[in-house]
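**Q** Okay, here's the structure, questions in a sec.
What follows draws every value from the coordinates through simple rules; no lab data is involved. Keep in mind that this is a model prediction, so the values were computed, not measured. Here the Cβ is made from the backbone with ideal geometry for all residues, glycine too, and neighbour counts use every protein chain on show.
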Amino acid sequence: MPKTYGLVLAAGKGTRMKTEMPKCAYPILKKPMIEYIVEKLEKTKIEETVVVVGHRKEVLMDILKDRVHYAEQTEQLGTGHAALSAAPILEDKEGVTFILPGDMPLMEIKLTDKILKAHEEMGNDLTVVSMVFDNPKSYGRIVRDQYGSIAAIVEDKDCTGEQKKIQEVNSGVYVVNNKALFKVLRTIKKNERKGEYYLTDIVALMRHDYKIGSFVVRDAYQMMGVNDLYSVSIAERYLRDEINRNHMLNGVEMVSPNTITIGHNVIIEPGVTIYPNTTITGDSVIREHAIIGPNTEIHNGRIDEHAEIKHSLVYDSIVGAYTSVGPFAHLRNHAEIGAHNRIGNFVEVKKSSTGTNTKAAHLSYIGDAEVGSNVNFGCGSITVNYDGVNKHKTKIGDDVFIGCNVNMVAPLTIENEVFIAAGSTVTTDVPKGSLSIARNHQINKADYYHNLIKPKPKDDK
Ligand code: UD1
Ligand code: CA
């Protein structure tokens, strides 16, 4: 078995995207396109992967870090020129190189393996991966000779009227003998119309001395190139349908699945129900019998079994088993809610943890707090964690009852079995077992209304 190297071309600007971000970093279901590709290569038998970077290379390098090797293409002179930029790393290697564009996020791992196997079994020096599109516009056309062999790839804009009618297109994926590749890359001539070196020219350059074969992909959508924001939306739709279908076949119930978006790496256990307008992305995990949605967004969240999240946002946070969140709650920045909690209407929890059976049913802010079990936050009670300069911590023990509209001014420790009277502004620690009242005594002035506001008319008898 020859060694296989991955070569991903991702140096282009992505002019057609009309966005600031370099195209291959652009997210599809909140995950950068390039990550789909590198993740796939990591799962195949590829020895090492070289990513060609150039335009705003720091953005891509920040995403991929040291998962790959980098080759730099300082000037974007075309795909042939981009591939040649990897010469310092790959040129002397024996084996085959698997070339992929960095804008093709949908290709599945199974297909990747099949392509590599086919190349080897056919004994090709170059395997061109193609597909058939009803609307082949903007893709390079596969031109075959009278015997059906691939003779050339012609770019859309360079096609004759006849060639434009060809529906078999170049996917931009090739498997090629590495030594032969770098030999021919050096002989590619500049395309005069575009002023670029086309990688596609390797076909015509290799056809007489090497064995060229093709692999035609049936599921053509997997090979779509993402060139503009419209194709981003199409890629997202395909991916969403595919992901949702797999979850539903695995026992996840989805109500109106066309309004539900689940990211590529999300794990959902069977028995989960998801209601409309829900998005779950990042490295989220949803455990069995949880109920999610409607109108809910979860990113990098873990929702434990039987928890219920309605009309709410959960970012980088954990929700314990049997806990209910929402409607209209916001958990963020490492909120870790324990089991059997209730986090209700308009409650925000940031960087805080709670034990079991704790409740904040209405209008609370819990920030930078460590909260125990059986704690009840009354309506409107909040941790005052920010003094305008620094953030401070609040520690609340077990079995604590916090009345309505209580301000807990941090740093503050409230020990176990404490009761805080409604309306208190608590600024010093509260010892175990006590009742804390921190508000002015109430004064009731008798006859105020009639004496001051509405004096009685004088009796002038
Ligand atoms: C390319 C192919 C076309 C194929 C299509 C499939 C060429 C000349 N054309 O066209 O036959 O049908 O992909 O999607 O190869 N890149 C660089 N450096 C450059 C230019 C591009 O690294 O100087 C990278 C881009 O970042 C991109 C990939 O190469 O990830 C493909 O470039 P793109 O401009 O998208 O090529 P297409 O016009 O789509
Ligand atoms: Ca493209």
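**Q** Using a 7 Å offset from the Cα along the Cα-to-Cβ direction at both GLU253 and GLU305, what is the distance between the two label points in nm, to one decimal?
**A** 1.8
**Q** Multiplying the sequence separation of GLU370 and ALA151 by 0.36 nm and subtracting their Cα-Cα distance, what value in nm do you get?
**A** Gain on stretching GLU370 to ALA151: 72.0 nm.
**Q** Would you mind calculating the gained length between GLU42 and LYS114 on full extension (0.36 nm times residue separation, minus the Cα-Cα distance), in nm to one decimal?
**A** Roughly 24.4 nm would be gained on extension.
**Q** Still on this structure: Among the lysines, select those whose C-alpha is under 22 Å from the C-alpha of LYS211, and discard any that sit fewer than 8 residues away in the same chain.
**A** Leaving aside lysines fewer than 8 places away in the same chain, those within reach of LYS211 are LYS3, LYS93, LYS114, LYS117, LYS179, LYS183, LYS189.
**Q** Rounded to the nearest 5, what % of DSSP beta bridges with both residues in the chain are antiparallel?
**A** Within the chain, antiparallel bridges account for around 20 percent of the total.
**Q** Can I ask one more? Straight-line reach from LYS395: which lysines have Cα under 27 Å away, leaving out those fewer than 8 places along the same chain?
**A** In chain and number order, the partners are LYS350, LYS351, LYS359, LYS432.
**Q** Amide H neighbours of GLY372 under 5 Å, counting only residues 5+ apart in sequence or on other chains, H built in-plane at 1.01 Å?
**A** Hits under the 5 Å cutoff: GLY355, ILE396, GLY397.
**Q** Okay, moving on. Starting from the 7 Å offset along Cα-to-Cβ, what nm value, one decimal, do you get for the label separation of GLN76 and ILE267?
**A** Placing both labels 7 Å beyond Cα along the Cβ direction yields 3.8 nm.
**Q** May I pose another question? For the residues PHE328, PHE377, what sequence is obtained by ranking on other C-beta atoms within 10 Å, fewest first?
**A** Ordered by Cβ neighbours within 10 Å, fewest first: PHE328, PHE377.
**Q** For a quick check: sort LYS117, LYS359, LYS23 by the number of other beta carbons within 10 angstrom, fewest at the front.
**A** Result, fewest neighbours first: LYS117, LYS359, LYS23.
**Q** So, one more: If R₀ is 25 angstrom, what is the calculated FRET efficiency for the pair ALA87 and ASP62, using the beta carbon separation as r and rounding to 0.05?
**A** 0.50
**Q** Count neighbours as other Cβ atoms within 10 Å of each site's Cβ, and list the GluC sites (Glu not before Pro) in the range 62-146 that are DSSP loop with at most 16 such neighbours.
**A** Sparse-neighbourhood loop GluC sites (Glu not before Pro): GLU75, GLU91, GLU94, GLU108.
**Q** Mind sorting TYR5, TYR174 by how few other Cβ atoms lie within 10 Å of their own Cβ, fewest first?
**A** If I rank by nearby Cβ atoms, fewest first, I get TYR5, TYR174.
**Q** A further question follows. ALA422 label point, 7 Å along Cα→Cβ, cut-off 18 Å on backbone N: hits in the range 379-408?
**A** Output list for this probe position: 379-382, 401-408.
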